[in-house]
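Below is one structure, written out as structure tokens, with a few remarks after it.
Every read-out reported here was derived from the displayed coordinates using simple, explicitly stated rules and does not represent laboratory data. The structure displayed is predicted, hence computed values, not measured ones. Note that each Cβ is placed from the backbone with ideal geometry, even for glycine, and that neighbours are counted across all protein chains shown.
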Amino acid sequence: TKGQYSPTSERGKNVKSAPMGAPDHPVNPLSLALGAEGTFVARTIDTNTRHLVATLERAAAHKGTSFIEVFQNCNIYNDGAFMHLTAKDVFDDRTLVLEHGQPMIFGKDHNKGIRLNGIEPEVVTIGENGITEADILVHDETRVSSNLAYILSRLDYPDFPVPIGVLRATDKPTYDGTVQEQMEAAVTRHGEGDLDVLFNTGDTWVVEDD
């Protein structure tokens, strides 16, 4: 904002606060959220309103903290920052729209896919070198382990398509839910609290005017 570089600015970004280029390596927001054990982690695009609304609705319905990275254009300070991904003529080839239970296929001809070679992801072409749709990774946003979601969070153009959609959506006990359960258990064990009893328990004293 206002010419300052941010933790997500690409290295070398020339702005007023870094006229010789931003010196830091950018933070990957999705990787950071997954590393913090986020249970709902997603990415969407400001100009794709249908996808944006659907993602926000799912995040709002999630029990727990939801994290969404939005590719959002800034007309003043960073205009066109995501056009290399979101422009209509390149979107199909440079993004991977994630759908739960569906193979990770992309491309204008719907013939490119992501598979794992050991622990490394790679782009393959269906129909070449014996590759079939059965070789393509199937997206499972509900996996308990965040390992695969983390791998997806690291995919970036130009080596890979950039994933769009829900990377992880799992259910875990929430902080507020756990605290509520603890309070209910305490009441069951000790009964309802009484402030008057609490204030008059132990050593007490009375302050009187002379």
- Around Arg115, which amide H atoms from residues at least 5 apart in sequence, or from another chain, sit under 5 Å from its own amide H, with H modelled in the peptide plane? Glu122, Val124, Leu137
- Which three extents, in whole angstrom, do the alpha-carbon atoms of the range 103-210 cover along their principal axes, largest first? 96, 32, 25
- For Val97, enumerate residues with amide H under 5 Å from its amide H, sequence gap 5+ or separate chain, H modeled in the peptide plane. Ile164
- Query: Gaussian network model of the chain, Cα springs within a sub-10 Å range: biggest mean-square fluctuation belongs to which of Arg168, Arg11, Arg189?
  - Reply: Arg189
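Note down the relative contact order for the chain as a percent, whole number, built from C-alpha pairs under 8 angstrom at least six residues apart.
Working: 288 pairs, mean separation 39.1, N = 210.
For the chain, the relative contact order is 19 percent.
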- Anchor Lys172: aspartates and glutamates whose Cα lies under 16 Å away (excluding residues fewer than 8 positions away in-chain): Glu37, Glu141, Glu181
- Mind checking which lysines have their C-alpha under 17 Å from Lys13, skipping anything on the same chain fewer than 8 residues away? Lys2
- Among Thr178, Gly202, His51, which residue has its Cα positioned farthest towards the positive end of the charge dipole of the chain, with +1 placed on the Cβ of Lys and Arg, -1 on the Cβ of Asp and Glu, and the dipole taken about the Cα centre? His51
- Residue-normalised 222 nm signal for the chain, counting each DSSP H run of n ≥ 4 as -39,500 (n - 2.57), nearest 500 deg cm²/dmol, is -7500 deg cm²/dmol
- Once the in-chain neighbours fewer than 8 apart are removed, the lysines whose Cα is under 22 Å from Lys108 read Lys88
- Query: Assigning unit charges at the beta carbon (Lys, Arg +1; Asp, Glu -1) and nothing else, what dipole magnitude in debye, to the nearest 20, does the chain show about its Cα centre?
  - Reply: 1300 debye
- Message: Just checking my list (1) 0.98; (2) 1.20; (3) 0.95 against Rg/Rh (Cα atoms, Kirkwood Rh) computed from this structure; which label fits?
- Response: (2)
- Query: So who's got an amide H within less than 5 Å of the one on Glu69, skipping anything under 5 residues away but keeping other chains? H placed 1.01 Å off N, in plane.
  - Reply: Ala42, Arg43, Thr44
